[in-house]
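Novice: The structure follows.
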Amino acid sequence: MQEGFVSHLFAAPYRTLVNPGGEELETVLKAGHVLVVTGPQTALGRRLEEKAAGMFDRLERLGSHQWNDPGIQPLKAFCLVDGATHLFVLSSASPQQLERFQALLAATRDILDRYRLHKGFFGASSFLKTVTCESGHPLEVMGIGMNEGCSWFVFDGSMDFIAQRELKNWVKEVNLPAVVEAGFSPVYGCADYDGLQVQDMATKQAWIDFARKKGGYVFRPVYDPESDNYEYDGVIATEGNKLQIDGENRPFISQTGFLSGHLLSSMIVFIEKKKTLSSRTLWEAILSRREVAVLPGALAMGADTWRHAVQLLYLDRIYPEEYFNDRLDLKAETDGYDLVVTLRNCAPAPASGELKLTLPASVQAGDLPGTFTLQGHEEKQFRIPLQPGREAMGRTNPVAVTFVSGEKEKRTLTMLDLPPAISAHQLLYAHAPEFDFPVTVHNFSAKSSFPVEVLVYKTGDLKKPVFRQTQTCQTATASFREMTFRLKLAPGAYLVRTQALETAAETQLGVGKSEGRTYAYEIDLNSDGINKYRLENDSVQVTLLRTGARVIEYIIKSRSENVFSKTWPEKTFNHRMPFRMRGFYPYGGFEDFLGQGSMENHRVYDAKIVRSEGDCVQVEMETDYYGNRLRKIFTLYGNTPLLEIRWALTFRNPEANVIGPQPIL
């Protein structure tokens with residue numbers, strides 16, 4: 001089939017002629033478009049195929065062994081144009097093939113008259129809420145999908161269901177005409193996932209019961225004999241299940257996967273034109289089998305009626321490109337406080353229009369470019385300044401970008417992901433009478449210099465501060481500065497309020513007496529050439545391991561007992577398995593999980609003793625994970641078993657967004 005055959009055929013009325021004579025054809029062509037059904041065995045058919053010979057030369061060049069099948073019955077569908085008149089041709093020596101193809105055209109046209117096609121990503125995955133590193137924030141994934149014409153998204157990455165309310169709020173915040181949900185395979189479509197503890201779902205019936213309780217749906221693998229005795233709403237299909245999905249009358253879903261897998265798989269659902277796209281109509285379409293999965297290479301799965309229509313349209317190519325406005329490529333990303341929009345016209349004809357932004361109320365945009373024209377295959381880039389307000393700080397702000405060209409709209413989505421204006425520890429301990437209090441300030445204002453004030457109140461008495469100190473912060477817009485305040489306080493319990501740029505952060509602070517003796521020193525416990533660090537006082541002896549900056553021993557001296565499980569320096573029983581280091585590889589003690597398993601914590605940190613003796617001792621460990629700086633400060637105080645660990649992080653990779661400290665006892 002010639003590309004564009006279907007899109008042109010369905011665009012205007014036409015008459016159908018079966019094996020007409022030359023004079024009859026010429027007469028009818030004068031009145032408008034004509035579809036001729038003929039074959040190479042007729043004089044007219046031979047003549048028409050000769051005119052289209054160049055369109056099908058590539059078939060011979062493909063070298064396809066199927067093309068040499070003696071039983072093949074070729075049908076050629078092409079269009080000849082004379083001015084504004086189109087002559088559509090179906091040519092085959094097989095009457096059965098001609099009949100089948102005409103029936104397919106009629107069925108497809110009927111579907112397009114009664115239904116809208118809604119493309120989406122089912123089972124798009126992010127690791128937004130886990131310690132496992134994976135590129136692709138849900139808003140980025142949605143932006144990529146919307147650029148490809150998607151109007152609905154169902155996320156099911158590990159723990160993505162925790163973000164369901166966030167996802168819906170982001171969509172609502174920028175008024176996106178899209179449906180977004182989250183689930184956890186095998187359960188989807190629930191009103192909420194409150195109370196779901198994945199590790200407690202020990203049986204198949206537990207998942208089914210949860211789905212029923214929450215008004216959702218539960219799916220199973222196509223081949224899973226253990227599931228045969230349970231009642232499911234449908235199946236989870238992969239490319240290898242095409243035979244079963246095409247031939248068996250069961251609803252199915254097909255998962256898109258991660259951004260690192262290039263988001264090549266999608267699903268198309270058919271929704272009646274009298275209904276709007278919503279979560280309810282989306283699930284109605286899936287459960288009614290009005291769904292087709294389109295996998296890499298345009299492999300399609302689904303019931304015949306809908307699958308054949310999708311396959312015909314993909315073969316046409318022009319129809320889905322125009323339907324999903326896919327001849328324009330729209331990308332958006334943020335660079336600091338600038339929104340960078342890149343628009344490329346993939347079609348030969350020019351396209352004119354304007355950019356529109358939809359932003360949260362707390363983010364303002366600079367001037368937009370106004371109406372402009374993209375010539376055929378031209379690309380333009382625009383840099384639009386954004387100015388966040390204080391309500392935008394410490395949150396992910398969705399940014400919706402729309403290119404409006406006549407009656408068509410092209411959309412994408414990105415985000416302005418901002419740290420808190422003031423970052424301060426929420427809980428701290430220190431010794432009187434004087435100590436450092438660290439603060440980081442992110443400047444979202446247009447000022448380059450402004451005051452930062454620290455106020456200290458006694459717990460329960462916020463009328464008058466017992467200590468106040470002000471410093472001037474000098475840092476450019478969209479940058480941050482680390483500051484240290486020197487607090488002078490007597491022992492007691494306090495609330496510290498840090499104020500700057502009309503925002504504030506609060507810290508609970510406990511101050512103890514400066515008493516007791518502590519010591520810090522280096523020691524090589526197992527002659528591996530890597531020194532460990534010992535911190536001890538009268539109560540406890542603490543050993544720090546530079547590999548992953550772990551607390552490997554916490555020994556209670558009165559019992560001579562290490563309360564932590566300690567795997568190091570022994571190796572696990574399966575340490576020789578392939579890619580073992582990419583998985584959880586315990587050393588024991590108090591360790592944290594960062595970006596497991598692409599970053600993990602096998603890095604040997606740089607370490608130094610900051611304070612070796614006195615009423616407290618302190619060791620700092622620091623490393624660089626591919627441009628992401630991580631520093632840990634270990635402090636052991638005298639006369640107490642309290643070991644304090646502070647984290648200082650400066651990260652450039654947003655996917656490394658969760659750190660999980662865990663004591664292994």
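Novice: Rounded if a/c is under 1.5, else prolate if a/b beats b/c, else oblate: with a ≥ b ≥ c from the C-alpha gyration tensor eigenvalues square-rooted, which is segment 1-122?
Specialist: Verdict is oblate for segment 1-122.
Novice: Another question, then. Leaving out same-chain residues fewer than 8 places away, which aspartates and glutamates sit with a Cα under 15 Å from that of Lys632?
Specialist: The qualifying aspartates and glutamates are Glu591, Asp592, Asp606, Glu620, Glu622, Asp624, Glu644.
Novice: On a C-alpha basis, how far is the centre of segment 433-450 from the centre of segment 559-613 in Å? Whole number, if you could?
Specialist: 34
Novice: Which of the three applies to segment 520-665, rounded, prolate or oblate, going by the alpha-carbon gyration tensor with a ≥ b ≥ c and a/c under 1.5 meaning rounded?
Specialist: Here segment 520-665 falls in the oblate category.
Novice: When the convex hull of the Cα atoms of the chain is projected onto a plane and the area is averaged over all directions, what value comes out in nm²?
Specialist: 38.9
Novice: Could I ask something else about it? How much of the accessible area of the chain, probe 1.4 Å, is carbon plus sulfur, in whole percent?
Specialist: Within the chain, the accessible surface is 48 percent carbon and sulfur.
Novice: Once label points are set 7 Å from the Cα along Cα→Cβ at both Lys356 and His377, what is their separation, rounded to one decimal in nm?
Specialist: With each label placed 7 Å out from Cα toward Cβ, I get 3.2 nm.
Novice: Show which lysines lie in cross-link reach of Lys458 when reach means a straight Cα distance below 21 angstrom and same-chain residues fewer than eight apart are skipped.
Specialist: Output for Lys458: Lys488, Lys513.
Novice: Over the residues of segment 481-569, compute the C-alpha Rg and express it relative to 2.2 N^0.38 Å.
Specialist: Against the empirical 2.2 N^0.38 Å value, I get 1.53 for segment 481-569.
Novice: Only residues of segment 316-337 count here: report those whose backbone N is under 18 Å from the spot 7 Å along Cα→Cβ of Ala365, or say none.
Specialist: Under 18 Å, as judged by backbone N against the label point of Ala365, lie 329-337 of segment 316-337.
Novice: Output the DSSP H helices from the chain with an along-axis C-alpha extent of no less than 24 Å and a mean Kyte-Doolittle hydropathy no less than -1.0.
Specialist: 95-114
Novice: Strictly over 20 Å apart at the Cα level, which of Lys168/Lys204; Lys273/Lys408; Lys242/Lys275 would you flag in this model?
Specialist: Lys168/Lys204; Lys242/Lys275
Novice: Count the DSSP beta bridges whose two residues both fall in segment 59-160, then state the antiparallel fraction as a percent rounded to the nearest 5.
Specialist: 60
Novice: Mind jotting down the distance between the C-alpha centroids of segment 205-220 and segment 28-54, whole Å?
Specialist: Using only Cα atoms to place each centre, the spacing works out to 57 Å.
Novice: 222 nm [θ] for the chain, helices only, -39500 (n - 2.57) per DSSP H run of 4+, per residue, to 500?
Specialist: Result for the chain, helices only: -5000 deg cm²/dmol.
Novice: Given an 8 Å cut-off on Cα distances and at least 6 residues of separation, report the relative contact order of the chain as a percent.
Specialist: Once divided by the residue count of the chain, the mean separation gives 9 percent.
Novice: Could you compute the FRET efficiency for Glu148 and Ser94, with r as their C-beta to C-beta distance and R0 at 25 Å, rounded to 0.05?
Specialist: Using R0 = 25 Å, I get an efficiency of 0.10.
Novice: Can you return the lysines within cross-link range of Lys51? Criterion is Cα-Cα under 20 Å, with same-chain partners fewer than 8 residues away left out.
Specialist: Lys30, Lys76
Novice: With every protein chain left in place, what is the accessible area per residue of the chain in square angstrom, probe 1.4 Å?
Specialist: 49
Novice: Under 20 Å from a label point 7 Å along Cα→Cβ of Glu333: give me every residue in segment 113-155 with its amide N that close.
Specialist: Output list for this probe position: 125-128, 133-149.
Novice: I've got another one for you. If Lys and Arg each add +1 and Asp and Glu each add -1, what is the summed charge of the other residues whose beta carbon sits under 10 Å from the beta carbon of Ser125?
Specialist: -3
The values are calculated or read from the model by the stated rules, or taken from the named source; none is laboratory data. These figures come from a predicted structure and were not determined experimentally. Positions of Cβ are backbone-derived with ideal geometry, glycine not excepted, and every protein chain shown enters the neighbour counts. SASA here: full protein model, heavy atoms, side chains in, ligands and nucleic acids out. Shrake-Rupley method; radii C 1.70, N 1.55, O 1.52, S 1.80 Å.
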